[in-house]
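Just so it is clear, none of the values below were taken in a lab; they were calculated from the coordinates. Since this is a predicted model, take the numbers as computed values, not measurements. Because the Cβ atoms are built from the backbone with ideal geometry, glycine has one as well, and the counts that use them run over all protein chains shown.
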């Protein structure tokens, strides 16, 4: 089947409409079919079309003047080889359910193509993922690494479901010990109260800075330093001098507590929190707090997701937004 290339688009005559009708290739026009660059290269590579003056090597080299073209082509080819009909837009690709095609079927995935070296702008990612969700589609990142291998991640932006009521903690009085607090919970117990603190002995418990900030903010802790009351704002400023991520961590910690979860340090997993719902013995999520405007390299997110999956936990990033904390879950999937 012969096609013509005008330097921007590859077009087929009316005989090319069969490619659209049978397999969902191209966009119908009055006088035939217009192929996107990825479609044209794929069909030329498969020997289904011919273009005067171009073979596959010269055509893909022409389109590859656009730096991201090779990776979008590789993702397009992979999706087609997996049996999906694929069209461009509204992100990079719209992918139809297997056995369905444009005009008669429904799309299932909205796919954004990235390099492993790309920085993730969480505000933009949340915007796109929510747009996909409103269209009832799964939002997918197709990441192409430096050796042109592909990995797919499903992205979910979610409000955490309420985890249920937790045992309360009565008003506490404590003394400042460095940046921690020493308290005497009543009655004494040999296990953390509502997931707070670490017992030094049956009568004394040590609270960590984020726990102190939360309990002072909720009126559950009065803290003294040498007999003088410690002002919550003064304490926050003091701790922040040694922890540049304190503001975003405190915001996510407060939100998790508000939702009924028990956040504990996730240091041994390389993240801010490991999070318990109280329904299981082990933590179910790893959560990393992200300040507004911060971007993370996709390569570091990939490591986080791999580790979380290896210990059977979900990987979430808590992003500070004007409407509150938005949780972004990354999960590897096989299409």
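A few notes on this one:
- Compared with the direct C-alpha span, the chain from residue 182 to residue 1 gains 57.2 nm at full extension, assuming 0.36 nm per residue.
- Label-to-label distance for residue 237 and residue 267 is 2.7 nm, based on points extended 7 Å past Cα in the beta-carbon direction.
- Estimated FRET transfer efficiency (residue 156, residue 194; beta-carbon r; R0 25 Å; 0.05): 0.30
- Length available on full extension from residue 281 to residue 30: 0.36 nm per residue minus the Cα-Cα distance, which gives 84.0 nm.
- Viscosity 1.567 mPa s, temperature 4 °C, Stokes-Einstein D of the range 39-140 from Kirkwood C-alpha radius, µm²/s: 87 µm²/s
- Debye log10 I(q)/I(0) for the range 223-335, one point scatterer per Cα, at q = 0.10, 0.19 Å⁻¹: -0.35, -1.05
- Extension gain, residue 228 back to residue 322 (0.36 nm per residue minus Cα-Cα distance, nm): 30.2 nm
- Rounded tilt (10° steps) of 246-258 against the dominant C-alpha axis of the chain: 80 degrees
- Label-to-label distance for residue 66 and residue 206 is 5.8 nm, based on points extended 7 Å past Cα in the beta-carbon direction.
- Inter-label distance for residue 136 and residue 148, nm, one decimal - labels placed 7 Å from Cα along Cα-to-Cβ: 3.9 nm
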